[in-house]
């Protein structure tokens, strides 16, 4: 069983795109570094709000998982359009 990457308490049952662009199947955003495994409660209650604190927390979680250098490198490859919607 994989625990929620957000709360660490419940089973992770939902994949969550951390950077979200409403374009369907945007390959830039289907990267594993952009997807977290979360429980249903966190997905709907906290993460779905998409506020700045949520994004900053997600970034810290992903940096711990992949390393900050790799996350910075991945982020630098994203198109400006995607970045503008993120921060």
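The numbers here are math on the coordinates, done by the rules we state, and not lab data. Not measured: the values here are computed from a predicted model. Glycine also receives a Cβ, built like all others from the backbone with ideal geometry; neighbour counts cover every protein chain displayed.
Arrange the following residues from fewest to most other Cβ atoms within 10 Å of their Cβ: 58, 6, 74. Before the final figure, lay out each step's value.
Working: 58 20, 6 23, 74 16.
With the fewest neighbours first, 58, 6, 74 line up as 74, 58, 6.
What ranking do 80, 9, 29, 19 get, fewest neighbouring Cβ atoms within 10 angstrom at the top?
Ranking 80, 9, 29, 19 by Cβ neighbours within 10 Å, fewest first, gives 80, 9, 29, 19.
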